[in-house]
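The values are calculated or read from the model by the stated rules, or taken from the named source; none is laboratory data. Since the structure is predicted, the reported quantities are computational estimates derived from the model, not experimental observations. Cβ: placed from backbone, ideal geometry, glycine included. Neighbour counts: every protein chain shown. The accessibility values were calculated without ligands, DNA or RNA, using every heavy atom of the protein model including side chains. Shrake-Rupley method; radii C 1.70, N 1.55, O 1.52, S 1.80 Å.
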Amino acid sequence: MTVFRFAPSPNGHLHLGHALSALLNHEMARASGGRLILRIEDIDATRCRPEYEAAILEDLAWLGLAWEEPVRRQSEHLDDYRAALARLERRGLVYPGFESRAEIARLVAAREAAGPWPRDPDGAPLYPGAARELAPEVRARRLAAGEPYALRLDMAAALARVGPLAWEETGLQAGRVAAAPEAWGDVVLARKETPTSYHLAVVVDDALQGVSHVVRGEDLFWSTSVHRLLQALLGLPAPVYHHHRLIRDADGRKLAKSTRATALRELRAQGLTPEDVRRMVGL
Ligand code: GLU
């Protein structure tokens, strides 16, 4: 039985891009006689709000989607992510970095003054710090002192534990895609106040929920490299991936949750129908 999921973050209102993703999941699930689950990715407590979640459910129902209950809300399952993180920690694949974001920006600037410094597929500079080399007693002292920290994946150590990784892609660039997790450097897997990052939570949940097909926007295409690596390290199965085109605004930019013009509830208020939305997203 195939299992599809739509996994929005309640940090704003759904727009046409989400409609495309949700409708594709719905149609592919139906076409394969499979299930569709809805997952609320609300681990970022500073940006996610219950009123956005309520609006998401309303917009999806209006679009004509049906999903299984109960809906999994990530904020209610932090122990699952803590357990996965603990497994990686026990294998010596995670280390705390104590630099603030401002310090990291200064370190990057210093590197860039000396020449080009690599950036990840999202365009952010790779972690330039040396926290991996901190002496164990220094680490222990700073943790005990309650300093803020980010837990990072030791990418070199992680890669040494797994062979070459790939995934099955049925969307853009269909075929077997070679994963390149090294392009992300020592990614953050958790922070002092948040026991998981998006990457860790998505991999744990897809496995726990038996997701067989991940259908999402192409902005997450190369995140799949990190997901495949975490799956391999944690012994989790790999779903089939289908990354779809993004809906762009008139200037060719990816839609933002803050733009009212393409928000589903705004379109609905203007009297547009779900059929109009389908047409607008090219379905
Ligand atoms: N929660 C993510 C978002 O709203 C999607 C994650 C995924 O589909 O893997 O962008």
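Odds and ends about this structure:
- When A54, A61, A66 are checked against the criterion of being part of a loop (DSSP other than H, G, I, E, B), away from the ligand (no atom under 16 Å from the Cβ) and under 30 Å from A263 (Cα atoms), A66 stands alone in meeting it.
- Close pairs from the range 29-49: first in contact (Cβ under 8 Å) with a residue 24 or more places away in the chain and more than 27 Å from V188 (Cα to Cα), partner among the hydrophobic types (A, V, I, L, M, F, W, C) and exposed (fewer than 15 other Cβ atoms within 10 Å of the Cβ), Cβ under 6 Å, at least 6 apart: G34/M1
- Per-region count, the range 3-35, residues away from the ligand (no atom under 13 Å from the Cβ), outside any helix (DSSP H, G or I) and aliphatic (A, V, I, L, M): 1
- Subset of the range 129-150 (residues that are under 28 Å from P118 (Cβ atoms) and either polar (S, T, N, Q) or in contact (Cβ under 8 Å) with a residue 24 or more places away in the chain (or both)): G129, A131, R132, L134, R139, R142, E147, P148, Y149, A150
- Residue within the range 113-133 that is surrounded by 14 or more Cβ atoms within 10 Å (Cβ to Cβ) and under 16 Å from the mean Cα position of the chain (by Cα) present: yes
- The one condition in (1) part of a helix (DSSP H, G or I); (2) crowded, with 16+ Cβ neighbours inside 10 Å that V138 fails to fulfil: (2)
- The range 207-233, residues that are surrounded by fewer than 20 Cβ atoms within 10 Å (Cβ to Cβ), within 12 Å of the ligand (Cβ to nearest atom) and in a helix (DSSP H, G or I): E218, D219, L220
- Filtering A84, A45 for residues that are hydrophobic (A, V, I, L, M, F, W, C) and part of a helix (DSSP H, G or I) leaves a single hit, A84.
- Check on V204, within 20 Å of D120 (Cβ to Cβ), modelled with pLDDT of 95 or more, within 16 Å of the ligand (Cβ to nearest atom) and open to solvent by less than 20 Å² (accessible area, probe 1.4 Å): no
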